[in-house]
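Visitor: The following block contains the structure, expressed as structure tokens.
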Amino acid sequence: MVKQQRFGIVISNKMQKSVVVAVEYRCRHQFYSKIIVRTKRYLAHDELNICDIGDEVLVEESRPLSKKKRWVVIKILNKAVITN
């Protein structure tokens with residue numbers, strides 16, 4: 001069985017060893033045939049607490065780690081640039 005992988009952006013890192021990743025996907029509206037953007041939020045395990053808000057990450061499906069957490073951060077693709 002192949003594990004699913006998703007690309008997303010970290011939108012919250014306020015938990016210990018966990019992040020919330022927003023994954024966007026595009027689909028066609030059934031009636032209007034317009035392309036619409038949908039967003040799905042996943043709780044992912046971040047063992048080393050190295051993810052920051054705005055980072056682009058690759059997450060992979062795993063066994064259930066808690067009530068809502070079923071994904072693991074595999075690697076950080078782009079670090080967020082923080083400007084004040």
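No lab work stands behind these numbers, since they all come straight from the coordinates. Quantities reported herein were computed from a predicted structural model and do not represent experimental measurements. Note that we place each Cβ from the backbone using ideal geometry, even for glycine, and neighbour counts take in every protein chain shown.
Visitor: State which residue pairs qualify: first residue under 29 Å from Lys68 (Cβ atoms) and inside region 14-34, second residue charged (D, E, K, R) and surrounded by 10 or more Cβ atoms within 10 Å (Cβ to Cβ) in any location, beta carbons under 6 Å apart, and separation of 6 or more residues or different chains.
Guide: Here the result reads Lys17/Asp46; Val19/Asp46; Val20/Arg41; Ala22/Arg41; Val23/Arg6; Val23/Lys40, each pair linking region 14-34 to a residue that is charged (D, E, K, R) and surrounded by 10 or more Cβ atoms within 10 Å (Cβ to Cβ).
Visitor: Does Val23 satisfy being aliphatic (A, V, I, L, M) and over 16 Å from Lys75 (Cβ atoms)?
Guide: no
Visitor: Here's another thing I want to ask about it. Only one residue in Val73, Val19 is closer than 23 Å to Val2 by Cβ and buried (at least 17 other Cβ atoms within 10 Å of the Cβ), so which one is that?
Guide: Val73
Visitor: Continuing with the same structure: If I filter region 59-70 for residues that are among the acidic types (Asp, Glu) and either surrounded by 13 or more Cβ atoms within 10 Å (Cβ to Cβ) or in contact (Cβ under 8 Å) with a residue 60 or more places away in the chain (or both), do I get at least one hit?
Guide: Going through region 59-70, the residues among the acidic types (Asp, Glu) turn out to be 60-61.
Next, from what is left, pick out any that are either surrounded by 13 or more Cβ atoms within 10 Å (Cβ to Cβ) or in contact (Cβ under 8 Å) with a residue 60 or more places away in the chain (or both): 60-61.
Within region 59-70 (the criterion being among the acidic types (Asp, Glu) and either surrounded by 13 or more Cβ atoms within 10 Å (Cβ to Cβ) or in contact (Cβ under 8 Å) with a residue 60 or more places away in the chain (or both)), the answer is yes, since at least one residue qualifies.
Visitor: Among what's in region 62-84 and is in contact with a strand residue (DSSP E or B) (Cβ under 6 Å, 6 or more places away or on another chain) and among the charged types (D, E, K, R), pick the residue that is farthest from Val10 (Cα to Cα).
Guide: If we take residues in region 62-84 being in contact with a strand residue (DSSP E or B) (Cβ under 6 Å, 6 or more places away or on another chain) and among the charged types (D, E, K, R), then Lys68 is farthest from Val10 (Cα to Cα).
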